[in-house]
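The values are calculated or read from the model by the stated rules, or taken from the named source; none is laboratory data. Because the structure is a prediction, the values reported are computed rather than measured. FYI the Cβ positions are ideal-geometry reconstructions off the backbone, even for glycines, and counts take in every protein chain you see. The area values use the complete protein model at the heavy-atom level, side chains included, leaving out ligands, DNA and RNA. Shrake-Rupley method; radii C 1.70, N 1.55, O 1.52, S 1.80 Å.
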Amino acid sequence: YSKEGDIVKVGSTLVDISTGESSKAAPAVAAPVKAAPAPLTATATAALIPFKLADIGEGIAEVEVLKWFVKEGDKINAFDKVCEVQSDKATVEITSRFGGVVARVYSVEGDVVKVGSTLIDIRTEGAAVAPATPTKAAAAAPSSSSSVFVA
């Protein structure tokens with residue numbers, strides 16, 4: 001379905017695995033895989049990442065943008081607040097999973113945004129294309145409002 005280095009969309013089939021018994025002979029074993037490519041470095045090219053509104057709760061299909069904490073041209077870090085949204089169930093602060101520069105904001109305060117819609121584009125700085133993962137301390141820290149990490 002894809003080869004090493006391909007960019008694959010979430011939900012795409014990567015491999016088919018048959019678990020049923022068959023009278024056919026098993027296919028020949030492939031040659032050993034070469035070593036993984038070196039990790040990205042600071043000299044890697046920048047990428048434009050669409051930052052989409054993820055599913056923030058069971059049954060929530062859309063939210064209203066209450067407040068933007070960023071504007072086009074702002075430099076942001078992973079875990080910085082991007083916007084505050086409200087559904088019929090909760091008010092939530094959306095935080096960034098990526099560091100970079102806000103290249104485009106797709107809506108204004110008061111807009112209703114559907115889950116899966118792009119909120120902003122983030123131009124990453126070199127190797128900062130992998131999503132950040134929260135530390136145990138950050139995950140355990142108390143907060144007066146909810147934060148959601150979206151892709």
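For every residue, the table says whether it meets (1) at pLDDT 95 or above; (2) open to solvent by less than 70 Å² (accessible area, probe 1.4 Å); (3) assigned to a strand (DSSP E or B).
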| site | (1), (2), (3) |
| --- | --- |
| V82 | yes, yes, yes |
| F98 | no, yes, no |
| G110 | yes, yes, no |
| G116 | no, yes, no |
| A127 | no, yes, no |
Of everything in region 55-80 that's out of contact with any Ser or Thr (no Cβ under 6 Å at 6 or more places or on another chain) and in a strand (DSSP E or B), which residue is most open to solvent (accessible area, probe 1.4 Å)?
-> K75
